[in-house]
């Protein structure tokens, strides 16, 4: 599966997307041809305790759009497309003037013990992580990370989803700025409180111990907890 990430950032950290604009974006995302699922990420309404709060507030808004294959994703990024409109704000005041970047990546999903959300869950909470890179040896990096880190991630209490995204080559005609982070990750929980409980558990010690074994890389990493809304095709 292929994931397209679009990130809308305010360098001053002052902007937020209002509910009306969010509903308009959801309608646009639902109309993207051959998209299988869209995820809308917004900042938490209140801060939560997590180990990487020093990374800042994160983007004002972000999207993850899933496609079954690369060709469908590339076709959706042509000039005049819905995604091209979103990349320049789609006429919405909440998106106008933000710094917009995009990246297409391969999705690697890993099984978890309890993937089903409680029936009362309407908005989940995602822990978005990215490594800008580069690594000295990308093959060595990927081999170590994929063989070790997901096995630890899936032991977080009540984690609903573990995904790791790795780089691919792609073509597009979007007016936003391309980025090529060497890796992204996503952990999903029922709520901000559930995320905070998990990432402050004993599991984080195992994560840190494995981090010290990573093959050499530069660029650090960033961690942002974000509220997550799901959009289905045709919505």
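Scanning segment 84-99 for residues that are in a loop (DSSP other than H, G, I, E, B) and in contact with a helix residue (DSSP H, G or I) (Cβ under 9 Å, 6 or more places away or on another chain), we see that the one that is surrounded by the fewest Cβ atoms within 10 Å (Cβ to Cβ) is 91. When you check residue 229 against the structure, is it within 16 Å of residue 4 (Cβ to Cβ) and touching a residue at least 12 places away in the same chain (Cβ under 8 Å), yes or no? No: the conditions fail for residue 229.
Looking only at strands (runs of 3 or more DSSP E) that fall completely inside segment 1-81, which ones have 1 or more residues that are surrounded by fewer than 22 Cβ atoms within 10 Å (Cβ to Cβ) and modelled with pLDDT under 95?
Values: elements: 2-9, 35-43, 61-67.
Strands (runs of 3 or more DSSP E) meeting the threshold: 2-9, 35-43.
Residues that are at pLDDT below 85 and within 19 Å of the chain's Cα centre (by Cα) within segment 92-116 comprise just one, 115.
The values are calculated or read from the model by the stated rules, or taken from the named source; none is laboratory data. Computed from a predicted structure; not experimentally measured. Ideal geometry is used to build each Cβ from the backbone, glycine not excepted, and the neighbour counts take in all protein chains shown.
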